[in-house]
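Okay, so here's the structure we're looking at.
Nothing in this text is a laboratory measurement; each read-out follows from the coordinates by a stated rule. Computed from a prediction, not measured in an experiment: that's the story for all the values here. Ideal geometry is used to build each Cβ from the backbone, glycine not excepted, and the neighbour counts take in all protein chains shown.
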Amino acid sequence: MSWVVDFLPLVGAGCVVGFLIGLTGVGGGALMTPLLISTFGVSPQIAVGTDLLYASITKCTAGWRHHTLGHVDWPIMLRLAAGSVPAALIVLGLMAFTPLNTEALAEAIRGALVFVLPASALAILVYPRFIKGPLSGEDYDVPVRPLPTIIFGVVLGALVTLTSVGAGAIGVAVLSTLYPLLRARRVVGTDIAHAVPLTLVGGLGHLGLGHVDLTLMVALLVGSIPGMLIGTRLVGLAPEWLLRPVLAIALCYAAYSLFTHAH
């Protein structure tokens with residue numbers, strides 16, 4: 001029965017995070033990775049790798065749904081991926097072929113999380129302002145800005161591969177800044193579709209490096225899938241003006257707990 005005792009809290013954590021993702025649409029990696037590190041004592045490398053592979057599975061369904069609804073701007077998504085996927089491969093290559101001190105890597109991941117989590121919290125708070133976008137009229141293709149999009153993809157690719165955080169609210173906030181005329185649903189759809197190859201490449205790379213705990217990933221999936229379904233059904237019942245500050249506070253607290261844990 002000891003495995004049940006270990007398994008159930010992880011299922012519960014997956015359910016809570018899945019519920020928040022379903023309710024708010026953001027906060028997955030930003031909540032899951034620090035939760036695994038600070039609450040369950042998972043090493044930073046395993047937490048990041050497991051969360052990336054887990055995210056690639058959960059985002060795949062959402063990405064396909066947005067594609068069928070026509071909410072993905074493929075020219076923008078492909079240019080994002082042209083920057084992010086090579087950047088992810090470079091980061092994974094450095095991890096694989098550079099004689100890295102695992103303790104130093106763990107500290108680097110913690111330090112990056114301490115910086116990225118408050119940035120994600122800020123992005124979640126300003127997210128509604130960005131996501132309003134054009135509210136009426138037909139979807140239309142906006143002119144692509146290749147260089148800024150690829151550069152942003154490079155930064156996001158390196159950030160997500162190292163910390164598993166940033167593909168959600170930060171991605172939406174920057175995309176909305178780069179493409180202010182892109183409709184809200186296409187911003188979200190493009191961001192989610194782009195997260196699929198990025199998290200898949202990062203997750204498989206970490207799996208090859210031995211940074212993925214498959215039992216842990218299954219436990220998180222068992223909890224998060226029903227949590228997401230419940231959260232999605234309750235969208236609109238809980239006031240967003242309350243949810244987003246609570247989520248932002250949770251992310252800042254996660255950054256604080258990681259910072260104090262490291263010192």
Taking the dipole of the chain about the Cα centre (Lys, Arg +1; Asp, Glu -1; charges at Cβ), the one of 182, 31, 149 that reaches farthest to the positive side is 182
Which of these values of Rg/Rh (Cα atoms, Kirkwood Rh) was calculated from the structure shown: [x] 0.95; [y] 1.00; [z] 1.04? [x]
If 144, 174, 16, 196 are placed from fewest to most neighbouring beta carbons inside 10 Å, the sequence is 144, 16, 174, 196
Under the classification rounded if a/c is under 1.5, otherwise prolate if a/b is larger than b/c and oblate if not, where does segment 26-97 fall, given a ≥ b ≥ c as square roots of the Cα gyration tensor eigenvalues? oblate
Just in segment 22-95: which chymotrypsin sites (Phe, Trp or Tyr not before Pro) are loop by DSSP and have at most 16 other Cβ atoms within 10 Å? 40
Expected 222 nm ellipticity per residue - DSSP helices of 4 or more, -39500 (n - 2.57), all of the chain, to 500: -27500 deg cm²/dmol
Tell me the net charge near residue 196. Cut-off is 12 Å between Cβ atoms, residue 196 excluded, with +1 for each Lys or Arg and -1 for each Asp or Glu. +1
